[in-house]
Amino acid sequence: MRQLVEAKVKPKSVKHISNGYPLLSKETIDLSGMTVEEGDILRLVDTQGNYLATAYYGIQNKGIGWVLTQKEQEKLDKTFFLQKISKAVGKRTYFYQAEDTTAFRVFNGEGDGIGGLIIDYFNGFYMVSWYSEGIYSFREDIYQALNEVVNVRGLYEKLRFNKNGQYIDQDDYVSGEKGEFPLIVLENGMKYAVDLNDGAMTGIFLDQREVRKALRDRYSEGKTVLNTFSYTGAFSVAAALGGSLSTTSVDLAKRSLPKTIEQFAVNEIDYEAQDIKVMNVFDYFRYADRKDIKFDVVVLDPPSFARTKKMTFSSAKDYPKLLKDTLKITNDDGLIIASTNNASFNMQKFKKLIDKAFKEANTRYKIIETHQLPKDFTVPNNFPEFNYLKVVFIKLMN
Ligand code: SAH
């Protein structure tokens, strides 16, 4: 049974919480001497006991819970979830109506008022990602609410609440029609193959939609394009459809080869004419440098952290080195599309890392385009730190 627990917000966090900051951490509230369980409701009060907000307790990598309302009388029942979901759906009318895009985010956690809950749309199918056992305890109400607000063709879910928000391997099918995978979705007219029941990921990162479009529409025609950390080759597909001279996709995961072939194939691109390499990006840099291979456009989209047998990569620390390696294999007037989803630093800091790398490499550059999260990835008002995506288009000026 869900308990209602009164929890004192520590003095230094009172203002932050009353200003609407949604995320709770161990430093925000005092839970000493209390037994709190996943899914419990926290009545947050200041040191004098005045009401501040109502939250749920749920441990995930980012924190220990999320504020759901600042209205003392508001009940956290099905009606509550119904209102949140229908408001979120209402904000995405543009995407529901778009004929050339059939994959987008319907509900973006804290940005839509419920941290720890993500809902994505894939051509009629809904994919719900649960980031803590706490939010998962509201599953019945949330699924009923979702089914009342939208017409769900088939429902899938991903459980991401064991240690570090890792995916729990399971059959992800929940209800409705079972999908036949790969399911083909459209994004600005491009086709992408997705699988909603094949481990942690679906095959496409929806937050890069505008970046793929920019690459296709403005920077690919007649260019040689290198796509590093390419995963299923989504950027390579955009480049090829934009008329690139060639694409080279590099990822060390073995699965990236068949997955990338599939993405090309569903777009009727001759994948044999494209270069797909299963290897470490840093080894590829050395190989290309040795062979004097250079590219017009290079996409850099590394994970925030990665560990291989030989090395660890942390974008906060190693991005300048990654850029310097990239410069060696980029043409003098080339373009580097540098992306990071590391939430621990903001756009300003990212631009500083870029500047550091280019200064050290003695190379002039101009930033010609920047992107953050697209509209469907709603971010809470006044808290830009939740806008984790940062993409900078860097034109070399040699
Ligand atoms: N750019 C991709 C998403 C990248 S996800 C897209 O738009 O879809 C990060 C990818 O980096 C994973 O597929 C992972 O296998 C790969 N990866 C991590 N470390 C790597 C390394 N050192 N060399 C090559 N690939 C790496």
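The values are calculated or read from the model by the stated rules, or taken from the named source; none is laboratory data. What you see is a predicted model, and the numbers here were worked out from it, not measured in a lab. Positions of Cβ are generated from backbone atoms using ideal geometry, with glycine treated the same way; all protein chains shown enter the neighbour counts. Keep in mind that these areas ignore ligands, DNA and RNA; they rest on the heavy atoms of the full protein, side chains included. Shrake-Rupley method; radii C 1.70, N 1.55, O 1.52, S 1.80 Å.
I need the peptides 59-66, 253-260, 362-369 ranked by packing, meaning the mean over residues of other C-beta atoms within 10 angstrom, with the highest value on top.
On the way: 59-66: 21.1, 253-260: 16.6, 362-369: 13.2.
Listed from highest to lowest mean packing, they are 59-66, 253-260, 362-369.
Please calculate how many Å² of accessible area region 205-396 carries per residue, with a 1.4 Å probe and no DNA, RNA or ligand atoms counted. Provide the component values of the computation, followed by the final result.
Values: 9050 Å² over 192 residues.
The answer is 47 Å² per residue.
Sort region 205-396 into rounded, prolate or oblate with this rule: let a ≥ b ≥ c be the square roots of the eigenvalues of the Cα gyration tensor; rounded if a/c is under 1.5, and if a/c is not under 1.5, prolate when a/b is larger than b/c, oblate otherwise. Intermediate results must be reported in sequence, preceding the final value.
Working: a/c = 1.38, a/b = 1.18, b/c = 1.17.
Rounded, since a/c falls under 1.5.
What does the charge dipole of the chain about its Cα centre add up to, to the nearest 20 debye, if the Cβ of each Lys and Arg holds +1 and the Cβ of each Asp and Glu holds -1?
Values: 54 positive and 52 negative charges, 322 e Å.
Dipole about the Cα centre, nearest 20: 1540 debye.
Ignoring ligands, DNA and RNA, what accessible area per residue does region 54-112 give at 1.4 Å, in Å²?
Values: 2780 Å² over 59 residues.
Per residue, region 54-112 has an accessible area of 47 Å².
Mind putting a number on the dipole of region 205-396 about its Cα centre? Charges go on the C-beta only, +1 for Lys and Arg and -1 for Asp and Glu, and I need it in Debye to the nearest 20.
Numbers: 31 positive and 24 negative charges, 163 e Å.
It comes to approximately 780 debye.
Give the residue from 316, 363, 252 lying farthest towards the positive end of the charge dipole for the chain; charges sit on Cβ (+1 for Lys and Arg, -1 for Asp and Glu) and the dipole is referred to the Cα centre.
My answer, from the dipole projection, is 363.
What's the center-to-center distance, using Cα atoms, between region 11-54 and region 264-288 in Å?
With region 11-54 and region 264-288 each reduced to a Cα centre, they are spaced 49 Å.
Within 10 Å of each candidate Cβ there may be at most 14 other Cβ atoms; applying that plus a DSSP loop requirement, which trypsin sites (Lys or Arg not before Pro) in region 267-298 survive? Before the final figure, lay out each step's value.
Details: sites: 277, 286, 290, 291, 294; in loops: 291, 294.
The qualifying sites are 291.
With an 8 Å cut-off on Cα pairs and a minimum separation of 6 or more residues, tell me the relative contact order of the chain in percent.
Numbers: 829 pairs, mean separation 42.9, N = 398.
Taking the mean separation of contacting Cα pairs over the length of the chain, I get 11 percent.
Roughly speaking, what % of Cα-Cα pairs in region 4-69 are separated by over 18 Å, rounded to a whole number? Kindly include the intermediate steps, with their values, before the conclusion.
Values: 479 of 2145 pairs.
Of all Cα-Cα distances in region 4-69, 22 percent exceed 18 Å.
Which of the three applies to region 78-185, rounded, prolate or oblate, going by the alpha-carbon gyration tensor with a ≥ b ≥ c and a/c under 1.5 meaning rounded?
Numbers: a/c = 1.58, a/b = 1.14, b/c = 1.39.
Here region 78-185 falls in the oblate category.
Going by average Cβ density within 10 Å per residue, which order do the peptides 388-394, 175-181 take, highest to lowest? Don't skip to the end; give the middle numbers.
Details: 388-394: 22.1, 175-181: 14.0.
Answer by packing, highest mean first, reads 388-394, 175-181.
By per-residue mean of other Cβ atoms within 10 Å, what is the highest-first order of 2-8, 262-268, 161-167, 334-340?
Details: 2-8: 15.3, 262-268: 18.1, 161-167: 13.1, 334-340: 23.4.
Descending mean neighbour count gives 334-340, 262-268, 2-8, 161-167.
Just to be sure I understand: with springs between alpha-carbon atoms less than 10 Å apart, which residue in 303, 374, 320 has the highest mean-square fluctuation in the Gaussian network model of the chain?
303
How large a share of the accessible area of the chain, in percent, is made up of carbon and sulfur atoms when the probe is 1.4 Å and the other protein chains stay in place?
Carbon-and-sulfur percentage of accessible area, whole number: 48.
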